[in-house]
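Chemist: Quick one: the structure is below, questions incoming.
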Amino acid sequence: MISKDILYSIGRTSAGQLIKAVDAEKGISYACPACSQALILRKGTRKRPHFAHKALSPNCTPETALHYSFKKLLFSKIQKHLDQQLPLEMQWDCPACGGTHTGNLLKKTVKVRLEHDLGTCQPDIALLDEQDCTVAVVEVIVTHAPEQTVLDYYKNNHIAVVSYKLQSDEDVNRLDAATLTPDSVDVCRNPKCSKCDNCMSRKHLLIIDGNCWKCKAPMKVAALRGDMGYEGDFSPSDIQLATQYEVFMKSHYSRTAGMKYVANTCRKCGAFVGDHYLFTDYVAVPSYSRQELDAGYYCPYCSGNSEDFE
């Protein structure tokens, strides 16, 4: 079944070069990159530019053509960067820590292979180091994701997995950017917690220019935000950092919470901001200007979240 969201948008020239339909010209012969059958260029007003087979090819679908084309184009981009000894930056959202990472895909790579035979599997693209060991693979997913046995093989052999999940032929345009943006990378660049061995998350300290809720005097307020929703107590280093930015903090007893804790305090009248009102009256008020500072790491999976990890 042909997907309405996927068209044949890539053709192959007689010289073997892949070309987008939007850049192709009429009167020139093009072939399907997947099945090598002749294509017709269509540039109309109802649909975006695309190709169509001159004759039906039962074993070729837009999905297979997209998978093949994307894989080949990405392979060519990687090979070009290797030939020129250039880094290939990529950026990805990390589910392990909730943050965003950047890194050089080719940091350990000296060779790239298409459908490299690893015995157990043949990844779309394999990246090899100086010892011919596979250090990372790229899987291009259109209809079928890698089997769990394949993912287990990658994990057991310490092979990083970079995945692209394609939904439209227009996804090939993602490769035009200088920085790659894969849909997932199973690598977290943050340190691991010494207690539970899970990846830690970044912690941020907000310095908010607000007003005292009681006397309305100008008041700088500190609040914590973590990449995995951290809202723990202020650690000694958090307090020290906040103090450097003119936030006044001291210990108070809260009858509501039934405990004593360090809280933002008004220099003029001595009123303090409790945990609940810290969010509703300061963090959630868009009119208050703020700075966001790096406050190290924390573990969202175990107790002791106020501990500092630098």
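The values are calculated or read from the model by the stated rules, or taken from the named source; none is laboratory data. Keep in mind it's a predicted model, so treat the numbers as computed, not measured. Backbone-built Cβ (ideal geometry, glycine too); neighbour counts: all protein chains shown.
Chemist: Inspect all residues belonging to region 2-10 and state whether any of them is modelled with pLDDT of 90 or more and of a type in the set (D, E, K, R). I'd like the intermediate steps shown before the answer.
Modeler: The first filter runs over region 2-10 and keeps only residues modelled with pLDDT of 90 or more, leaving 6-10.
After this cut, where a residue has to be of a type in the set (D, E, K, R) as well, the list is none.
No, every residue in region 2-10 fails to be modelled with pLDDT of 90 or more and of a type in the set (D, E, K, R).
Chemist: Just to be sure before I move on: is T102 touching a strand residue (DSSP E or B) at 6+ places or on another chain (Cβ under 7 Å), modelled with pLDDT of 95 or more and exposed (fewer than 12 other Cβ atoms within 10 Å of the Cβ) in the structure I sent?
Modeler: Details: touching a strand residue (DSSP E or B) at 6+ places or on another chain (Cβ under 7 Å): yes; modelled with pLDDT of 95 or more: yes; exposed (fewer than 12 other Cβ atoms within 10 Å of the Cβ): yes.
Yes; evaluated as a whole, the condition is true for this residue.
Chemist: Please enumerate the residues belonging to region 142-168 that are of a type in the set (F, W, Y) and within 18 Å of K71 (Cβ to Cβ). Don't jump to the end; show me each part of the working.
Modeler: Here is the first cut: in region 142-168, the ones of a type in the set (F, W, Y) are 153-154, 164.
Matches in region 142-168: Y154, Y164.
Chemist: Of the residues that make up region 16-24, is at least one farther than 17 Å from L73 by Cβ and of a type in the set (K, R)?
Modeler: no
Chemist: With respect to G258, determine if the residue is farther than 19 Å from H204 by Cα and either of a type in the set (G, A, S) or touching a helix residue (DSSP H, G or I) at 6+ places or on another chain (Cβ under 9 Å) (or both).
Modeler: yes
Chemist: So if I check each of Q91, Q131, Q148, Q84, which one is surrounded by 13 or more Cβ atoms within 10 Å (Cβ to Cβ) and out of contact with any Lys or Arg (no Cβ under 9 Å at 6 or more places or on another chain)?
Modeler: None of the other options fit; the residue is Q91.
Chemist: State whether the residues of region 198-210 include one that is hydroxyl-bearing (S, T, Y) and crowded, with 20+ Cβ neighbours inside 10 Å.
Modeler: yes
Chemist: Then there is this: Evaluate the following for T143: is it at pLDDT below 95 and polar (S, T, N, Q)?
Modeler: Values: at pLDDT below 95: yes; polar (S, T, N, Q): yes.
Judged against the criteria, T143 is a match.
Chemist: Pairs under 9 Å by beta carbon, first residue touching a residue at least 12 places away in the same chain (Cβ under 8 Å) in region 171-192, partner of a type in the set (G, A, S) and in a loop (DSSP other than H, G, I, E, B), six or more apart or different chains?
Modeler: V172/S9; D186/A96; V187/A96; C188/A96; C188/G99; R189/G99; N190/A96; N190/G99
Chemist: Which numbered condition trips up D294, out of (1) touching a residue at least 60 places away in the same chain (Cβ under 8 Å); (2) over 26 Å from C199 (Cβ atoms)?
Modeler: (2)
Chemist: Another question, then. Kindly state which strands (runs of 3 or more DSSP E) lie completely within region 1-107 and contain at least 3 residues that are out of contact with any His (no Cβ under 7 Å at 6 or more places or on another chain) and without any contact (Cβ under 8 Å) to a residue 24 or more places away in the chain.
Modeler: Counting at least 3 such residues, we get no strands (runs of 3 or more DSSP E) at all.
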